[in-house]
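J.: I have a structure I would like to understand better, so I am pasting it below and will then ask my questions one at a time.
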Amino acid sequence: MTDLSTKYLGLLLKNPLIVSASPLTAYIDNLQRMEVAGAAAVVLPSLFEEQIELQGMGVDKVTPLNQQTLPDALQHLPEMKGYNRGANGYLAHIYQAKKAVSIPVIASLNGYYSGGWVQYSRLIEAAGADALELNIYYLATRPNISSQEVEEMYLHLVRDVKTAVTIPVAVKLSPYFSAFANMATQLDATGVDGLVLFNRFYQPDIDLETREVVPSLDLSSRGELRLRLRWAAILASLVKADLAVTGGVEQGTDIVKSLMAGAKATAVASVLLKHGIEHIKHILAELTQWLEDHGEKSVSAIQGTMNQQRVADPAAFERANYMNVLKSLEGESPD
Ligand SMILES: Cc1cc2nc3c(=O)[nH]c(=O)nc-3n(C[C@H](O)[C@H](O)[C@H](O)COP(=O)(O)O)c2cc1C
């Protein structure tokens, strides 16, 4: 019998497949179906910092009437209550999720300034979450804000939340740092328990008919996995925090690659939105099959075996390899 168990954020998971934050995890019956299909843990949809701020201001709902009275930073907000039930409803969702499933339930906060997060993270812990994922989302569009200031903001936020709670804390990151390895090691030094690679940003599009900027959300594709594999492989020997890969994981072999690169777990959303929750069974069957076919008795036996320190050619994860890729394409171009 192949042992699929893995340890992530100090939690013993029965296998490395976590269901990532998405609207799918907003429903208790979905969480139960995920557990039955074999998911090892679930991440609830993020509660947005702005929702906590609104609640703090006594506004539980954005309506056209009160929108005008909100500060500039909050005026763009749509009415979000139905999505994750708002700040109070979120705590109830954690509590109900914990009662409904026996796999770990990870809560998620999305934002970038400490404000209400610290206090709210305590409430999340009190509601019973097994861990907390901080999805720090900051788009540095103002030219007077330096990369150092942005990094300090991240570190400050993570330190504050780490001090506030005893449950494990993971940070879901974007790859858009000019010195990502440095940033990751600084975050690691805060004592954060996990780094989740990577957040996906939803990029606005332009509607040519209405000439409006419209939100656009594409599900991921498998090609996105490679950026995650590279960084998991590079960071695996640099940080103590557990690594999780999210983005482009669709098949059992994608989990194998992520584990080999150095991840302790993988988190999936798009593939389940495309194929349904029961597809978890299929992915886990593929993972088990691969391990059996290759004589591997456990997930831990392959973890980190292809990280940058352990591969024959460490430069293969770096830029030097760019020339080899170009060389391999020689002769393939049409005349
Ligand atoms: C519709 C949708 C909603 C999402 N909502 C959240 C969210 O609330 N919080 C979060 O951290 N990530 C959110 N994500 C990102 C996913 O959790 C996941 O990390 C990302 O999509 C990459 O995984 P995938 O390639 O399996 O989709 C969302 C993704 C999708 C597709």
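A short reminder: the numbers here are calculations on the coordinates, not readings from a lab. Bear in mind the structure is a predicted one, so any value in this text is a computation, not a measurement. Backbone-built Cβ (ideal geometry, glycine too); neighbour counts: all protein chains shown.
J.: Just how far, in whole angstrom, is the range 147-188 from the range 260-290 if you go by their alpha carbon centroids?
T.: 27 Å
J.: By the gyration tensor of its Cα atoms, with a ≥ b ≥ c the square roots of the eigenvalues, what is the shape of the range 246-335: rounded for a/c under 1.5, prolate for a/b over b/c, or oblate?
T.: Since a/c reaches 1.5 but b/c is at least a/b, the shape of the range 246-335 is classed as oblate.
J.: For the chain, give me the percentage of DSSP beta bridges that are antiparallel, rounded to the nearest 5 percent.
T.: The antiparallel fraction comes to roughly 15 percent.
J.: Follow-up question, since we're still on this one. How tilted is helix 147-164 with respect to the longest principal axis of the chain? Cα atoms for both, answer in degrees (0 to 90, nearest 10).
T.: Value to nearest ten degrees: 80.
J.: What is the order of Y95, Y120, fewest Cβ neighbours within 10 Å to most?
T.: Y95, Y120
J.: If you don't mind, there's one more thing I want to ask. Using Cβ contacts closer than 10 Å as the measure, can you line up Y138, Y8 from fewest to most?
T.: Y138, Y8
J.: With axes computed from alpha carbons, what is the tilt in degrees of helix 225-235 against the longest principal axis of the chain, rounded to the nearest 10 within 0 to 90?
T.: Tilt relative to the chain: about 80 degrees.
J.: If you take the alpha carbon radius of gyration of the chain and divide it by 2.2 N^0.38 Å, what ratio comes out, to two decimals?
T.: 1.03
J.: Got a sec? How would H279, H156 order by Cβ neighbour count within 10 Å, fewest to most?
T.: Fewest-to-most ranking of H279, H156: H156, H279.
J.: Here's another thing I want to ask about it. Taking amide H atoms as placed 1.01 Å from N in the peptide plane, list the residues 5 or more away in sequence, or in a different chain, whose amide H sits under 5 Å from that of D242.
T.: Correct list: L9, G194, L195.
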